[in-house]
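All remarks here apply to the structure that follows.
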């Protein structure tokens, strides 16, 4: 945690420490015994009961900045032989490194980690990741072979935990009058009473009293319990909560948030700048977690949005800096799409994907709720969203006017018409058009053969390969559509959705389970027909219609300035013939001696390292200009007149043996969000 020059708030930090101590003492954990100094609660003795070493005595000292920094822990039990114990020093990342510590840890959690540190069979070492067998070290330890006496806690070599009190405890029974008074209280008062109880006691009371159970379930009480600052552990009822936002400003600004709830006090007074997982952020944005909470933070939201907008250097000037929320919502789905692509390739993909989807859904709805609150109080924001969508539908739809197509889907959430089929269809067409250059060029999917305009009425090769070339972009579109439709189904009034989210603290009950099934279905979509249906297009074009459309996007991309056409149709035909042997010859195609010479001197060596193919990006130097007339090549087969395939490794399946995902480790640039995946 970054150090701060500002004065700490002793009350808040001490309150957090006292709560942590109370949690340990009121709900003790087996084999953990904490004795706090009566004169100074910043000092405590810790006794761990272990089978391998016997009782261990440790000393804990909490700094004035706890929990911003880890407590200092030393061990006085000198009989221990342990790979991570050096005298009284304990080498543990949770205690000694910035990366290993987070204010989200409670004292009880740290003590449990320490117990595990001494009782586990193996211990993983941070420096090399190897696991050390602790059994070998324990054989050299001398149980109770030391003399240590502590005047504070009474520890001595023969120390044993005090026996637990046994016997029957007679509990008072509530009279009917008491229960009757409880039933007559307003729900808000009952919830405030439950707030002062532990979760364990609340659940026990709910099982005993049906009225309490209904109240707990109706108001999402368990979820409300989680709505607290991860640093100061203050509830949304008493603190202004939001999330940390990081902005990467190299090139196009990239927004990211781990959506760990953090209080305004922790961010501004204590300089908390890392998430629970240690991800750094620079800004803070409040969230509407309830009606009361929104009333408390609404006056500072505008300033926070303006600060993020200025820091990111956004060129757009949306009313109320609402484009910050657009960016956040869009990047939540982009990040989820990236995580989903990774999980699709992992053996434990289901559990990984479920975790990623739950986190993304919660983050998306938190931002959506903020967007709704802002739009409901400023009709001009809705008017601006309507205008944005109308301009896109009317055209032109170039990258200059609409650099990020995902923002249109977000804008539809608060637009008058909502997300309708004409808008979705227009976004799909523009996305396919923007994908053309990445489909053709070696920096992308490396499928230049699709620049050849075959005369066939139906081209299965084009239909299949065009989708394969930009599958990541199309999956992202499906995820964006899914998140958007789930947030605002059937054009439900904005104020009604806002109020439902208020009632459920920013989430819709059951939405995660419903969306998880759809997310798994998206994974299996492998072609345009299912893609279009997933996007809500009812009348899917025929194969011939879509073949003609895809073919036209190649020339339209050049006309729009998205791509260039550096090769003639005759040369492109020869490349296509190598990958699709039965492709039809278009009118005007001539395979001349000069064309064959061009092919044999360069293109036929492409898969063996020749680097002379020109780029399809407009206004860029080709590889041929960079490397000389002959490019760089070695080895290979040949092509004779008519396009007969020789010894090239292109293959009949059209895979070509090479992917744009290999280049520089950045993946392929997505035409939807203009980011690499």
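The values are calculated or read from the model by the stated rules, or taken from the named source; none is laboratory data. Being a predicted model, the structure only gives us computed values, none of them experimental. Note that we place each Cβ from the backbone using ideal geometry, even for glycine, and neighbour counts take in every protein chain shown.
Summary table
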{"quantity": "Verdict on residue 458 being closer than 30 Å to residue 585 by Cα, surrounded by fewer than 16 Cβ atoms within 10 Å (Cβ to Cβ) and in contact with a helix residue (DSSP H, G or I) (Cβ under 8 Å, 6 or more places away or on another chain)", "calculated": "yes"}
{"quantity": "One residue from 320, 313 being touching a residue at least 40 places away in the same chain (Cβ under 8 Å) and within 25 Å of the chain's Cα centre (by Cα)", "calculated": "313"}
{"quantity": "Out of 289, 241, sole residue that is under 21 Å from residue 410 (Cα atoms) and touching a strand residue (DSSP E or B) at 6+ places or on another chain (Cβ under 7 Å)", "calculated": "289"}
{"quantity": "Condition broken by residue 269, with the remaining ones in (1) touching a strand residue (DSSP E or B) at 6+ places or on another chain (Cβ under 6 Å); (2) over 20 Å from residue 374 (Cα atoms) satisfied", "calculated": "(1)"}
{"quantity": "Boolean, residue 589 is touching a residue at least 40 places away in the same chain (Cβ under 8 Å), crowded, with 18+ Cβ neighbours inside 10 Å and under 24 Å from residue 464 (Cβ atoms)", "calculated": "no"}
{"quantity": "Positions within the range 55-73 being over 19 Å from residue 123 (Cα atoms) and in a strand (DSSP E or B), in sequence order", "calculated": "55, 57, 58, 59, 60, 61, 72"}
{"quantity": "Qualifying helices (runs of 4 or more DSSP H) (wholly inside the range 523-593; at least 1 residues being within 25 Å of residue 396 (Cβ to Cβ) and at pLDDT 95 or above)", "calculated": "528-534, 543-559"}
{"quantity": "Counted residues, the range 223-266 - those being in contact (Cβ under 8 Å) with a residue 12 or more places away in the chain and farther than 27 Å from residue 503 by Cα", "calculated": "7"}
{"quantity": "Residue satisfying all of: in the range 238-258; in a loop (DSSP other than H, G, I, E, B) and in contact with a helix residue (DSSP H, G or I) (Cβ under 7 Å, 6 or more places away or on another chain); surrounded by the most Cβ atoms within 10 Å (Cβ to Cβ) among these", "calculated": "257"}
{"quantity": "Residue match in the range 118-130 (condition: part of a strand (DSSP E or B), in the same structural domain as residue 38 (by TED's automatic domain parsing) and at pLDDT below 70)", "calculated": "no"}
{"quantity": "Residues of the range 217-227 that turn out to be surrounded by 19 or more Cβ atoms within 10 Å (Cβ to Cβ) and either farther than 11 Å from residue 195 by Cα or modelled with pLDDT under 70 (or both), as a count", "calculated": "2"}
{"quantity": "Residue in the range 496-513 that is assigned to a helix (DSSP H, G or I), in contact (Cβ under 8 Å) with a residue 24 or more places away in the chain and more than 17 Å from residue 369 (Cβ to Cβ) present", "calculated": "no"}
